[in-house]
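Inspection log for the structure reproduced underneath, given as structure tokens.
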Amino acid sequence: MEETLTSTTGKVIRCKAAVCRSPGAPLVIQEIEVDPPKAYELRLKILCSSLCHTDITFWKLSQGPMAVFQESSVMNQSESVGEKVEQMKQGDVVLPVFMPNCGECRDCKSPKSNTCSKFDFRTINMPRDNTSRFKDMNGEVIHHFIAVSSFTEYTVVDEAHLVKIGPHIPIDKACLLSCGVSTGVGAAWKVANVEEGSTVAIFGLGAVGLAVAEGARVRGASRIIGVDLNPAKFELGKKYGVSDFINPATCGEKSVSQVIKEMTDGGADYCFECIGLSSLVTEAFDSTREGWGKTVMLGVEQHGNPVSVNCYDIMRGRSVIGSLFGGCKPKSDIPIFADKYLNKELNLDGFVTHQNPPPMADAQVAKTLSEDYLLKGGGNEPKPEIVTKPVDVPVETPAEEPSSDEVVVVTQNADETPVSPVEESTETLAAAAEESSEAPAADSDDSSTPAATEESAEAPQEEKLVDLEDVEDEPDIKLETAPADFRFPTTNQTRHCFTRYIEFHRCVAAKGEGAPECDKFAKYYRSLCPGEWVDRWNEQRENGTFPGPL
């Protein structure tokens with residue numbers, strides 16, 4: 001291996017990579033060129049990579065530079081080292097992380113933050129000179145994505161974004177530490193500082209939410225409450241210490257915060273919002289205990305909506321705090337997590353649901369990833385272009401194609417025994433409750449209301465969510481009447497949210513404004529609906545274009 005690495009040092013490497021040519025487009029397997037590293041940089045051979053939900057979020061944005069690799073959680077071996085690199089050498093096994101950690105600036109030296117003031121958080125290209133080390137075969141620049149770019153056989157990363165990892169931890173477990181698992185565990189340990197005997201509530205049991213549960217379990221929390229629309233998450237959550245489960249769709253007339261307060265004698269000590277909805281941050285805040293309750297925001301609010309909390313509650317001791325990468329300083333905290341795993345104190349095994357050969361070696365795997373995670377808007381998306389030029393990596397046919405709510409680890413080691421699949425989820429509460437509806441979507445008559453998109457449903461539906469209650473004269477809700485939103489395409493959250501919004505306004509029309517009988521519907525839709533949906537529907541009711549039966 002060392003001889004092979006040495007033979008490519010200082011030379012341009014030609015290899016295969018999965019490239020996104022435009023926002024929302026399928027990944028394209030192409031041959032690219034990777035330049036040698038410049039000063040403070042390392043060129044890395046990809047050993048293992050896992051898909052992060054942040055990749056999917058950015059993939060589906062309407063704007064962005066052309067040709068961007070995915071960020072992902074990843075494990076690499078250093079192929080060559082640029083000038084002035086002192087902490088790592090050729091052949092070292094390293095873990096790239098999207099968060100910079102120079103170790104020299106005021107912020108890196110302070111225990112109060114995990115930000116790095118020397119390097120700005122940028123989404124594309126190298127952090128020091130804002131240039132790229134990638135080109136396609138026509139000489140066109142291909143951009144880096146969030147400092148990592150791992151869907152390629154070789155990549156170049158700045159040393160500020162690299163953590164040296166010991167050889168004892170398996171690469172498919174180590175790669176999990178570069179993103180979601182560290183975010184969740186770090187939030188429980190470093191941001192909230194969960195103590196023994198405390199009560200914890202987690203909104204959203206995706207990879208990050210389950211990692212929060214694992215961190216709280218290790219810290220000795222007496223009660224860990226999981227909140228999710230998918231009832232199957234309870235059994236999964238038990239593996240990580242979740243002791244109680246709340247399905248917002250089956251809470252009856254009570255809000256989730258009321259249920260949590262009753263369960264915890266006044267409110268949870270710590271609440272974690274792992275979805276990225278401002279309305280859920282408010283609900284999580286309302287679920288904490290007066291006097292010292294702390295709410296930690298982990299989900300990224302895609303639209304930047306404001307969070308609404310009562311200032312008097314803050315005066316009485318409750319608090320809200322944000323967290324990026326779980327407050328972890330990569331170079332110092334990730335090795336600690338790795339040691340905890342090796343000492344069997346931290347559970348990482350359950351986070352791996354599938355193992356596949358790299359998409360660069362198997363075109364079908366890349367096609368699967370593109371089809372599973374592509375936002376299917378109107379059915380006019382271009383088909384994936386698969387370039388299948390030979391490359392010296394092993395080819396293996398995957399045992400089964402992953403569903404869109406499972407964690408996928410792509411590894412270069414074709415001889416490694418696959419981890420047994422377990423049911424897993426993405427980091428969105430609503431996506432976890434996605435229905436397997438096969439009904440074709442109809443076009444909406446109102447052009448101002450985009451049609452909600454339908455995800456593919458190849459797997460049979462295991463369990464149908466229980467509705468909030470049996471209501472007479474249930475309105476015939478067409479799912480496509482809800483605004484299109486990449487977080488909740490044709491999910492139970494869309495159904496419940498839209499239904500309760502209609503029921504509330506029907507009740508107000510029949511009983512009058514402020515009628516107590518209407519309060520329960522108001523609580524339902526306000527806890528389930530994103531604020532931008534409600535604003536859109538309110539505007540449509542006023543101008544007579546509302547698509548539902550009022």
> How about the stretch 184-213: which of its residues are closer than 28 Å to Leu47 by Cβ and crowded, with 24+ Cβ neighbours inside 10 Å?
Replying inline: Gly184, Val185, Gly186, Ala187, Gly206, Ala207, Val208, Gly209, Leu210, Ala211, Val212
> Considering the stretch 162-177 alone, what residues qualify as being touching a Phe, Trp or Tyr at 6+ places or on another chain (Cβ under 8 Å) and either open to solvent by less than 10 Å² (accessible area, probe 1.4 Å) or hydrophobic (A, V, I, L, M, F, W, C) (or both)?
Replying inline: Ile169, Leu176, Leu177
> Hey, among Lys118, Lys112, which residue is in contact (Cβ under 8 Å) with a residue 24 or more places away in the chain and open to solvent by 70 Å² or more (accessible area, probe 1.4 Å)?
Replying inline: Lys118
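Residue by residue, here is whether (1) without any contact (Cβ under 8 Å) to a residue 60 or more places away in the chain; (2) β-branched (Val, Ile, Thr) holds:
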{"site": "Ser278", "(1), (2)": "no, no"}
{"site": "Ala284", "(1), (2)": "no, no"}
{"site": "Thr295", "(1), (2)": "yes, yes"}
{"site": "His303", "(1), (2)": "no, no"}
{"site": "Val307", "(1), (2)": "yes, yes"}
{"site": "Cys311", "(1), (2)": "yes, no"}
{"site": "Val320", "(1), (2)": "yes, yes"}
{"site": "Asn347", "(1), (2)": "no, no"}
{"site": "Gly350", "(1), (2)": "no, no"}
>> Within the stretch 137-157, does at least one residue satisfy the condition of being open to solvent by 10 Å² or more (accessible area, probe 1.4 Å), within 14 Å of Tyr40 (Cα to Cα) and of a type outside the set (A, V, I, L, M, F, W, C)?
In response: no
> Which members of the stretch 272-290 meet the condition of being farther than 13 Å from Asp313 by Cβ and outside any helix (DSSP H, G or I)?
Replying inline: Phe272, Glu273, Cys274, Ile275, Gly276, Leu277
> Of the residues Ala188, Ala174, which is in a helix (DSSP H, G or I), modelled with pLDDT of 95 or more and more than 15 Å from the chain's Cα centre (by Cα)?
Replying inline: Ala188
>> Given (1) among the hydrophobic types (A, V, I, L, M, F, W, C); (2) closer than 30 Å to Glu517 by Cβ; (3) open to solvent by 10 Å² or more (accessible area, probe 1.4 Å), identify the lone condition not met by Val227.
In response: (3)
> Of the numbered conditions (1) surrounded by fewer than 16 Cβ atoms within 10 Å (Cβ to Cβ); (2) over 26 Å from Pro111 (Cβ atoms), Glu301 satisfies every one except a single condition; which is it?
Replying inline: (1)
> Is it the case that the stretch 141-159 has a residue that's in a loop (DSSP other than H, G, I, E, B), of a type in the set (S, T, N, Q) and touching a residue at least 40 places away in the same chain (Cβ under 8 Å)?
Replying inline: yes
>> Just the residues that are in a strand (DSSP E or B) and within 15 Å of Ser332 (Cβ to Cβ), please, taken from the stretch 95-117.
In response: Leu95
> Of the conditions (1) in contact (Cβ under 8 Å) with a residue 24 or more places away in the chain; (2) aromatic (Phe, Trp, Tyr); (3) assigned to a helix (DSSP H, G or I), Phe234 fails just one. Which one is it?
Replying inline: (1)
> Since Glu253 meets every condition but one in (1) without any contact (Cβ under 8 Å) to a residue 60 or more places away in the chain; (2) surrounded by fewer than 20 Cβ atoms within 10 Å (Cβ to Cβ); (3) in a loop (DSSP other than H, G, I, E, B), which condition does it not meet?
Replying inline: (1)
> Which of the residues that make up the stretch 88-102 are surrounded by 13 or more Cβ atoms within 10 Å (Cβ to Cβ) and either farther than 24 Å from Cys52 by Cβ or touching a helix residue (DSSP H, G or I) at 6+ places or on another chain (Cβ under 6 Å) (or both)?
Replying inline: Gln90, Gly91, Leu95, Pro96, Val97, Met99, Pro100, Asn101, Cys102
>> I need every pair where a residue in the stretch 517-541 that is more than 18 Å from Val307 (Cβ to Cβ) and modelled with pLDDT of 75 or more has its Cβ under 6 Å from the Cβ of a residue that is acidic (Asp, Glu) and not in a helix (DSSP H, G or I), sequence separation at least 6 or different chains.
In response: none
> If you take the residues in the stretch 118-136 that are part of a loop (DSSP other than H, G, I, E, B) and among the hydrophobic types (A, V, I, L, M, F, W, C), which one is nearest to the chain's Cα centre (by Cα)?
Replying inline: Phe121
> Hey, any hits in the stretch 144-163 for a residue that's touching a helix residue (DSSP H, G or I) at 6+ places or on another chain (Cβ under 7 Å), within 30 Å of Gly241 (Cα to Cα) and not basic (Lys, Arg)?
Replying inline: yes
>> List the residue pairs whose Cβ atoms are under 8 Å apart, where the first residue sits in the stretch 329-345 and is open to solvent by 50 Å² or more (accessible area, probe 1.4 Å), the second is in a helix (DSSP H, G or I), and the two are 6 or more positions apart or on different chains.
In response: Lys340/Val218; Glu345/Val218
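The values are calculated or read from the model by the stated rules, or taken from the named source; none is laboratory data. Being a predicted model, the structure only gives us computed values, none of them experimental. Every residue, glycine among them, receives a Cβ derived from its backbone with ideal geometry; neighbour counts consider all protein chains shown. Quick note on the areas: whole protein, heavy atoms, side chains included, nothing else; ligands and nucleic acids left out. Shrake-Rupley method; radii C 1.70, N 1.55, O 1.52, S 1.80 Å.
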